[in-house]
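A.B. asks: Take this structure, written in structure tokens, and hold onto it; I'll ask about it next.
Bear in mind that the values in this text are calculations on the coordinates, not laboratory data. These figures come from a predicted structure and were not determined experimentally. Cβ sites come from the backbone with ideal geometry, for glycine too, and all protein chains shown count toward neighbours.
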Amino acid sequence: MTLAARITNNLVAQRDVFGDTLLELIDEDPRVYVLDGDLANSTKADKISRERPEHFLEMGIAEQNMMGVAAGLASCGLIPWLSSFACFLVNRDLDQLRVVVAQPNLSVKIAGAYSGLLTGKTGKTHQEVSDIAVMRAMPNLTVLAPADGVETRLAMRAANSWEGPVYIRLTRDPHPTIFPNDYDFSIGSVVPIRDGSDVTIFATGVQTVRALEAAQQLEGEGISSHVVHVPTLKPLDEAGVIAAAERTGKVITAEDHTVIGGLGGAVAEVLGEQRPTPMKRLGIDDTFGESAANNDLLSKYGLTPEHVAATAQDLVKG
Amino acid sequence: MGSQIAPERVKELRSLSLRLRRLVVESVYHAGAGHLGGPLSAAEMLTCLYFEVMNIDPDKPRDPDRDRFILSKGHCSIGLYSAMALRRYFPVEELKTFDAIDSRLQGHPDMSLLPGLDMSTGSLGQGLSPGIGMALAARLQSRDYHTWVMVGDGDSQEGQIWEAAFVAQRYGLDNLTVILDWNQLQQYGWSTEAGYSDLARKPPQDNPEERWRAFGWNTVAVDGHNVEAFIDACERAKAHQGEPSIIIARTLKGKGVSYMENDFNWHSKPLTEEDVQMAQRELEEQEAAL
């Protein structure tokens with residue numbers, strides 16, 4: 001079933017949805033606590049510090065300890081949500097995530113804010129473009145990357161009731177809403193959002209919105225693209241990936257992430273073993289980023305809809 | 001000072017500590033691998049915690065009101081397993097599966113396998129933070145259990161311990177007690193032996209009492225091999241209000257087996273049959289002398 005996703009003028013920042021949804025979760029489930037690594041006013045978890053202060057624990061600039069404290073809370077039946085930037089949550093406490101969260105499969109929810117290249121001109125240290133690769137390789141961890149505000153809320157709700165640790169990749173800046181409010185989200189399914197017959201474009205996170213825009217451009221060129229959003233990087237819907245690849249016999253992957261080990265890697269692993277298909281991975285080409293305006297970053301690092309469309313044209317026309 | 005412990009009980013605990021040491025030696029010999037020095041330095045403390053100090057019931061290993069214990073120096077797992085086996089969490093026989101395929105008794109503790117094991121550890125410096133989480137959870141859920149975390153001095157070289165120490169003070173977690181097994185040796189580390197230049201192996205200054213106090217912790221110094229004194233230290237730590245406590249326990253690495261004592265080479269080493277026989281003979285003699 002293809003979901004009728006369309007690019008709307010409703011611009012929403014995933015981080016705002018993060019704060020709002022935390023509030024919703026706390027009011028529904030008293031086991032939910034927010035642990036902050038001194039970035040709540042960026043991640044928007046500060047809403048909880050003001051409105052439900054008894055569910056907010058400021059952990060300071062010490063991510064290793066924060067991850068461990070979360071493990072202790074989870075071992076006692078609470079559901080801790082971590083608030084920090086993806087770059088720190090993925091890298092600074094990776095061993096803590098491995099040993100006290102992933103190995104014992106504890107229900108810690110890790111919300112990686114400001115993932116990808118667009119981090120508000122902070123540059124290389126604050127851009128996290130390998131989180132999908134790193135997190136996907138961690139046993140027991142579920143990895144999600146929602147495309148818009150609607151899906152961010154639904155993914156957080158699904159993560160909260162999921163047994164075990166979840167990593168959710170979130171972004172900073174407002175972005176067009178593409179999903180209807182009654183969208184039925186479930187962890188572990190790919191979401192076809194546009195039917196087509198010439199080329200299949202897999203995309204994840206907010207890059208799905210740019211892939212959808214690319215599909216519109218391609219339509220003008222007479223190319224019919226089948227767009228599939230992949231909000232769950234792990235566990236990957238392998239049957240869904242194969243079915244979508246079979247529809248067109250040509251595959252592109254698009255992500256605001258390195259081309260190594262992320263969505264492109266995951267799709268290539270499945271197709272390479274089970275249904276070899278001509279494909280091209282689009283993303284950041286094994287390099288670090290820099291601080292610059294959003295549009296300049298998207299252009300320089302090949303993440304624009306035009307770039308996706310041009311690559312699709314090349315692949316289709318051979 | 002805390003309550004007096006009957007002399008018979010003290011003798012019993014000392015005897016159990018020696019039995020724990022024998023199980024450690026036997027299990028490491030049987031497995032052909034494992035750590036020795038650290039479990040032996042912690043033997044009295046683990047015995048006292050599991051038999052006297054902690055509010056636990058081996059028949060209810062998941063009781064939400066049980067005291068929690070985390071072995072931050074996770075490589076000393078066989079010491080913890082031996083204490084748990086003696087306390088009848090599982091049969092002593094099962095110690096023979098230590099480090100073997102499909103065993104619940106992994107080289108480093110795995111909480112997902114063994115009921116009663118409260119946290120997985122093994123990568124050093126990581127035990128205190130989950131202890132803070134457990135102590136916070138007690139407060140958030142209005143439960144009055146106490147959380148105990150055993151750290152090593154090598155373990156405490158990791159920065160995370162000090163991230164945790166800093167934050168625990170902020171929450172005034174007086175339901176949390178750390179026990180430092182201060183045996184002053186690690187796998188290789190520093191040395192005062194002749195032959196090394198200052199740059200090569202000279203030890204840094206170690207003053208745990210001052211350091212923990214500077215981080216806002218209540219400190220209690222004790223001889224970690226003295227059963228009565230250690231139990232009293234635990235009672236004083238638990239009774240202290242408004243701050244987390246640390247028991248700084250002076251210990252001897254390898255304690256109880258003469259050729260292992262204070263020798264970093266026995267941090268972890270396979271035993272020969274002769275080694276085992278000598279160790280068991282010494283431990284039996286100590287038991288007979290009680």
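A.B. asks: Quick one: compute a quarter of the convex hull surface over the Cα atoms of segment B:205-277 and quote it in nm².
C.D. replies: The orientation-averaged projected area of the Cα hull of segment B:205-277 comes to 6.7 nm².
A.B. asks: With +1 on the Cβ of every Lys and Arg and -1 on the Cβ of every Asp and Glu, and nothing else charged, how large is the dipole of the protein assembly as shown about its Cα centre, in debye rounded to the nearest 20? Mind dumping the intermediate values first?
C.D. replies: Values: 56 positive and 83 negative charges, 79 e Å.
Result for the protein assembly as shown is approximately 380 debye, rounded to the nearest 20.
A.B. asks: If you wrap a convex hull around the alpha carbons of segment A:86-204, what volume per residue comes out, as a whole number of Å³? List each step's numbers first, then the result.
C.D. replies: Working: hull volume 14.1 nm³, N = 119.
Hull volume normalised by residue count: 119 Å³.
A.B. asks: Take every Cα pair under 8 Å in chain B that's 6+ residues apart, average their separations, divide by the length, and report that relative contact order as a whole percent.
C.D. replies: On the way: 565 pairs, mean separation 70.6, N = 290.
Relative contact order for chain B comes out at 24 percent.
A.B. asks: Give the aspartates and glutamates reachable from B:Lys96 as a straight Cα distance under 15 Å; neighbours fewer than 8 places away on the same chain don't count.
C.D. replies: Here the aspartates and glutamates satisfying the reach criterion relative to B:Lys96 are B:Glu26.
A.B. asks: Hey, another quick one. Which pairs in the list A:Lys44/A:Lys234; B:Lys73/B:Lys269; A:Lys44/A:Lys109 are over 23 Å apart, alpha-carbon to alpha-carbon?
C.D. replies: On the way: A:Lys44/A:Lys234 26 Å; B:Lys73/B:Lys269 17 Å; A:Lys44/A:Lys109 16 Å.
Check vs 23 Å cut-off fails for A:Lys44/A:Lys234.
A.B. asks: Continuing with this model, one more query. Roughly how many nanometres apart are two label points built 7 Å out from the Cα toward the Cβ at A:Asn181 and B:Ala200?
C.D. replies: Result for the modelled spin labels: 7.4 nm.
A.B. asks: In whole Å, what are the extents of segment A:12-97 along the principal axes defined by its C-alpha atoms, from largest to smallest?
C.D. replies: Each principal axis gives a Cα extent; for segment A:12-97 these are 31, 30, 18 Å.
A.B. asks: A further question on this structure: Just from its helices, what would the mean residue ellipticity at 222 nm be for the protein assembly as shown, if runs of 4 or more DSSP H residues each count -39500 (n - 2.57) and the sum is divided by every residue, rounded to the nearest 500 deg cm²/dmol? Provide the component values of the computation, followed by the final result.
C.D. replies: Numbers: 22 runs with 231 residues, N = 608.
It comes out at -11500 deg cm²/dmol, rounded to the nearest 500.
A.B. asks: Pick from B:Ile246, B:Ile56, B:Ile78 the residue whose mean-square fluctuation is largest in a GNM of chain B, springs joining Cα atoms under 10 Å.
C.D. replies: Looking only at B:Ile246, B:Ile56, B:Ile78, the biggest GNM fluctuation is shown by B:Ile56.
A.B. asks: How long is segment B:67-122 along each principal axis, judged by its Cα atoms, biggest number first, in Å?
C.D. replies: 24, 23, 18
A.B. asks: Give me the one-decimal nm value for the distance between modelled label points at A:Ala310 and B:Tyr171, 7 Å along each residue's Cα-to-Cβ direction.
C.D. replies: 5.2
A.B. asks: Is there a quick way to get the dipole size of segment A:87-169? I mean about its Cα centre, with the Cβ of Lys and Arg at +1 and of Asp and Glu at -1; what is the value in debye to the nearest 20?
C.D. replies: Numbers: 9 positive and 7 negative charges, 28 e Å.
The dipole of segment A:87-169 has a size of about 140 debye.
A.B. asks: When Rg is the radius of gyration of the Cα atoms in segment A:221-308 and Rh is its Kirkwood radius, what does Rg/Rh come to? Mind dumping the intermediate values first?
C.D. replies: Working: Rg = 13.9 Å, Rh = 14.0 Å.
On the Cα set of segment A:221-308, Rg over Rh gives 0.99.
A.B. asks: While we're on this one: Where the centre of each part is set by its Cα atoms, how far does segment B:6-26 sit from segment A:98-153, in angstrom?
C.D. replies: Going from one Cα centre to the other spans 48 Å.
A.B. asks: Taking 7 Å along the Cα-to-C-beta vector as the label spot, tell me the A:Glu219-A:Ala239 distance in nanometres, rounded to one decimal.
C.D. replies: Using points 7 Å along Cα→Cβ, the separation is 3.0 nm.
A.B. asks: Where in segment B:43-81 does the label zone of B:Glu8 land, with the point 7 angstrom along Cα→C-beta and an amide N cut-off under 18 Å?
C.D. replies: Residues B:52 qualify, since their backbone N sits under 18 Å from the label point.
A.B. asks: Taking just the alpha carbons, could you work out the radius of gyration and Dmax for segment B:4-45, both in angstroms?
C.D. replies: 12.4, 41
A.B. asks: If you fit an axis through the alpha-carbon atoms of helix A:207-220 and take the longest principal axis of the Cα set of chain A, what angle between them do you get, 0 to 90°, nearest 10?
C.D. replies: It is inclined by approximately 20 degrees.
A.B. asks: Please report Rg (one decimal) and Dmax (integer) in Å for the Cα set of chain B.
C.D. replies: 18.2, 56
A.B. asks: Compute the FRET efficiency between B:Glu287 and B:Asn262 as 1/(1 + (r/R0)^6), taking r as their Cβ-Cβ distance and R0 = 22 Å, and round to the nearest 0.05. Please list the in-between numbers first.
C.D. replies: Working: r = 22 Å, r/R0 = 0.99.
For R0 = 22 Å, the calculated efficiency reads 0.50.
A.B. asks: Express the relative contact order of chain A as a whole percentage, based on alpha carbon pairs under 8 Å and six or more residues apart in sequence.
C.D. replies: Rounded, it is 18 percent for chain A.
A.B. asks: Moving to a separate point now. If you count the DSSP beta bridges with both ends in segment A:91-246, what percent of them are antiparallel, to the nearest 5?
C.D. replies: Numbers: 6 of 18 bridges.
Antiparallel bridges: around 35 percent, rounded to the nearest 5.
A.B. asks: Now for a different question. Strictly greater than 36 Å: what percent of every Cα pair in chain A meets that?
C.D. replies: Working: 6881 of 50403 pairs.
Tail of the P(r) past 36 Å holds 14 percent of the pairs.
A.B. asks: Here's another thing I want to ask about it. Mind putting together the pair-distance distribution for segment B:29-80? All Cα pairs, 10 Å bins, whole percent per bin, short to long.
C.D. replies: It works out to 23, 45, 28, 5, in whole percents.
A.B. asks: Right, another one. What's the average, rounded to a whole number, of partner chain beta-carbon atoms within 10 Å of each residue's beta-carbon in A:56-64? Intermediate values should be presented prior to the final figure.
C.D. replies: On the way: counts 0, 7, 2, 6, 4, 1, 8, 2, 9.
That works out to 4 on average.
A.B. asks: Of all DSSP beta bridges located in the protein assembly as shown, what percent are antiparallel, nearest 5? Let's see the in-between values first.
C.D. replies: Numbers: 9 of 65 bridges.
The antiparallel proportion sits near 15 percent.
A.B. asks: If you don't mind, there's one more thing I want to ask. Given N residues in segment B:132-225, what is its alpha carbon radius of gyration divided by 2.2 N^0.38 Å? Spell out each step's value before the answer.
C.D. replies: Values: Rg = 16.1 Å, N = 94, 2.2 N^0.38 = 12.4 Å.
Taking the Cα Rg and dividing by 2.2 N^0.38 Å, one obtains 1.30.
A.B. asks: Let me ask you something else. Tell me, what are the semi-axes, in whole angstrom and largest first, of the equivalent ellipsoid of segment A:47-120 as set by the roots of 5 times the Cα gyration tensor eigenvalues?
C.D. replies: 19, 18, 10
A.B. asks: Follow-up. Kindly provide log₁₀ I(q)/I(0) values, in the same order as q = 0.06, 0.08, 0.09, 0.10 Å⁻¹, from the Debye equation applied to equal alpha-carbon scatterers of the protein assembly as shown.
C.D. replies: With no solvent term, the Cα-only Debye profile gives -0.38, -0.63, -0.76, -0.88.
A.B. asks: May I ask for the percentage of alpha-carbon pairs in segment B:39-144 that lie more than 17 Å from each other? Could you put the intermediate results ahead of the total?
C.D. replies: Numbers: 2957 of 5565 pairs.
Here the long-distance tail beyond 17 Å is 53 percent of all Cα pairs in segment B:39-144.
A.B. asks: If you wrap a convex hull around the Cα atoms of segment B:87-191, how much volume per residue is inside, in Å³? Could you put the intermediate results ahead of the total?
C.D. replies: Working: hull volume 14.1 nm³, N = 105.
Taking only Cα atoms, segment B:87-191 has a hull volume of 135 Å³ per residue.
A.B. asks: Turning to a different aspect of this structure: With 10 Å bins from zero, work out the P(r) of segment B:147-290 over every alpha carbon pair and list the percent per bin.
C.D. replies: Spelled out per bin, shortest first, that is 10, 33, 30, 20, 6, 0.
A.B. asks: Here's something else I'd like to know. Taking the Cα centroid of segment A:163-189 and of segment A:3-44, what is the distance between the two, rounded to the nearest whole Å?
C.D. replies: Computed from Cα coordinates, the inter-centre distance equals 10 Å.
A.B. asks: Under the √(5λ) rule applied to the eigenvalues of the Cα gyration tensor, what semi-axes describe the equivalent ellipsoid of segment B:96-149? Give them in Å, descending. Display every interim value, and only then the final one.
C.D. replies: Numbers: eigenvalues 139, 32, 10 Å².
After diagonalising the Cα gyration tensor, the semi-axes are 26, 13, 7 Å.
A.B. asks: Can you tell me the orientation of helix A:238-248 relative to chain A, as the angle in degrees between its alpha-carbon axis and the longest Cα principal axis, to the nearest 10?
C.D. replies: Compared with the principal axis, the helix lies near 20 degrees.
A.B. asks: Let me ask another. Going by a ≥ b ≥ c, the root eigenvalues of the Cα gyration tensor, does segment A:144-186 fall in the rounded group (a/c under 1.5), the prolate group (a/b larger than b/c) or the oblate group?
C.D. replies: Values: a/c = 3.10, a/b = 1.39, b/c = 2.24.
In terms of gyration-tensor shape, oblate.
A.B. asks: Additional query: Can you give the average number of partner chain beta-carbon atoms within 10 Å of each beta-carbon in peptide B:113-125, as a whole number?
C.D. replies: Values: counts 1, 0, 0, 0, 1, 3, 8, 11, 2, 3, 6, 1, 5.
For this peptide, the per-residue mean of nearby foreign Cβ atoms is 3.
A.B. asks: Nothing charged except the Cβ atoms of Lys and Arg (+1) and of Asp and Glu (-1): what's the magnitude of the dipole of segment B:46-191 about its Cα centre? Round to the nearest 20 debye. Spell out each step's value before the answer.
C.D. replies: Values: 12 positive and 19 negative charges, 41 e Å.
I would put it at about 200 debye.
A.B. asks: Rounded to a whole number, what is D in µm²/s for segment A:35-77 from Stokes-Einstein with the Kirkwood radius over alpha-carbon pairs (10 °C, 1.306 mPa s)? Provide the component values of the computation, followed by the final result.
C.D. replies: On the way: Rh = 10.7 Å.
In µm²/s, the coefficient is 148.
A.B. asks: Could I ask something else about it? For segment A:120-173, what is the relative contact order in percent, using Cα pairs closer than 8 Å and at least 6 residues apart in sequence?
C.D. replies: Numbers: 38 pairs, mean separation 20.3, N = 54.
Answer for segment A:120-173 is 38 percent.
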